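Reviewing the structure listed below.
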Amino acid sequence: MSRIEIALFNYLSDNFGILLHDKHTKKTIAIDAGDAACYNKVLDKNGWHLSEIWVTHHHWDHTDGINSLYKRWNCKVIGPANNSTVPIAHLSQGLTEEDSFLFADSPVKILHTPGHTLDMINFYLPSENIFFSGDTLFSLGCGRVFEGDMETMYKSLNKISALPNKTIIYCSHEYTKANGKFALSVETQNKALISRIDEVEEMVAANKPTIPTNLELEKQTNPFLRTSSPLIREKFNLLNSSDIEVFSALRKAKDTF
Ligand SMILES: [Zn+2]
C-alpha cells in the first residue's frame, strides 16, 4: 500500500485542491494554492502540517493563497523556472523539464507542458502512477490555449499521452460534465464516451468529484487526445489533415461552444 495519502477538495467555483501526505515522514504537499482558507481547513481537519507547495502555473486561481500559507507554515514553494509572465510569490526553487526529486521515497518528475500558459509544469510520480496535469489536460478536455500556440499545446498533450495508460490523472478543475457535452457533439457515436458521460452525471448529481481519471479512459473519450478519430475528422471535414490541424479545429470549436 502506498504511504502517500491524497486529499482532494473543491475551492472557488470549480478548482480542485490537492494535498499529498507522506504517512512516514508526515510531510505534506499542496498542489497549487489558490485559496489559503480552503487548504488550511483540510490541513487542520487531518492534523497535517504543510511542508511544501508545488505550483503548476502562474494563474491567480492556483497561486492566490501562497502568501498566506507561506506565512502560516513557512513552507517551501517550488514551481515553474522559466517563462512565467507573472512571478510566483516565495518561489525558492524553479523547476523545468526532466527535473526530478524525491517525495515519500518516490521519484517526482517534472514535465513542462506549455500552451495554456508558457510556464506550465506537471508533476509525475511514476512509481505511484500518479500525474498532476494542472490546466493542461482535463477530464474529457484540455486547457484553453492562452499563451502558447496550438502546436505547442498539441505537443504538450502528446507528451502526456506518452505516459503509461494506467496513469492516474488529477487535473485542476471540475469541468468534466461540460467537457462531456462538447466531446459528444464532435463524436456522437463513441460508446466509451457515452458511458463515461452517464457515470459523470451520476457523480455530479451525488456531489462527488469526477476525478481522478486515467490516461486509458481519456484516450478513449477525450477528443483532444483523439485527433486521429475518423468520426472527429469527418465532423470537421479534415479527413486527410494533420493531427495539429484537427487539434486546432477542436480547440477553436470548444472555445465558442
Ligand atoms: Zn490556468
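The condition of being touching a residue at least 60 places away in the same chain (Cβ under 8 Å) and surrounded by 16 or more Cβ atoms within 10 Å (Cβ to Cβ) does not hold for residue 40. Counting only residues that are under 29 Å from residue 164 (Cβ atoms) and among the small types (Gly, Ala, Ser), the stretch 68-126 holds 7 of them.
Give the stretch 201-223 a look and list any residue that's touching a helix residue (DSSP H, G or I) at 6+ places or on another chain (Cβ under 6 Å) and surrounded by 21 or more Cβ atoms within 10 Å (Cβ to Cβ), or say none. Let's see the steps before the verdict.
Just the residues of the stretch 201-223 that are touching a helix residue (DSSP H, G or I) at 6+ places or on another chain (Cβ under 6 Å), to begin with: 204, 210, 218-221, 223.
Answer for the stretch 201-223, where residues must be touching a helix residue (DSSP H, G or I) at 6+ places or on another chain (Cβ under 6 Å) and surrounded by 21 or more Cβ atoms within 10 Å (Cβ to Cβ): 210, 218, 221, 223.
Going through (1) within 16 Å of the ligand (Cβ to nearest atom); (2) aromatic (Phe, Trp, Tyr); (3) in contact with a His (Cβ under 8 Å, 6 or more places away or on another chain) one by one, residue 54 falls short only on (3). For the stretch 34-49, the criterion of being modelled with pLDDT of 95 or more, within 16 Å of the ligand (Cβ to nearest atom) and either under 26 Å from residue 147 (Cβ atoms) or over 18 Å from the mean Cα position of the chain (by Cα) (or both) is met by at least one residue. For the stretch 179-218, residues that are in contact with a strand residue (DSSP E or B) (Cβ under 8 Å, 6 or more places away or on another chain) and either free of Cβ contacts under 8 Å to residues at least 12 places away in the same chain or over 27 Å from residue 237 (Cβ atoms) (or both) total 6. At least 2 residues being within 15 Å of the ligand (Cβ to nearest atom) is the threshold, and among the strands (runs of 3 or more DSSP E) wholly inside the stretch 106-149 those reaching it are 121-125, 130-134.
Which ones in the stretch 118-140 are more than 25 Å from residue 105 (Cα to Cα) and surrounded by 24 or more Cβ atoms within 10 Å (Cβ to Cβ)?
To start, the set of residues in the stretch 118-140 that are more than 25 Å from residue 105 (Cα to Cα) comprises 118-119, 135-140.
119, 135, 136, 137, 138, 139, 140, listed by residue number.
Restricting attention to the stretch 1-37, the residues that are in contact (Cβ under 8 Å) with a residue 60 or more places away in the chain, out of contact with any His (no Cβ under 6 Å at 6 or more places or on another chain) and under 12 Å from residue 53 (Cα atoms) total 5. Here residue 98 clears all of (1) in a loop (DSSP other than H, G, I, E, B); (2) in contact (Cβ under 8 Å) with a residue 24 or more places away in the chain; (3) more than 13 Å from the ligand (Cβ to nearest atom) except the condition numbered (2).
The values are calculated or read from the model by the stated rules, or taken from the named source; none is laboratory data. Just so it is clear, the model here is predicted, and its values are computed rather than measured. Using ideal geometry, Cβ is built from the backbone for each residue, glycine included, and neighbour counts are taken over all protein chains shown.
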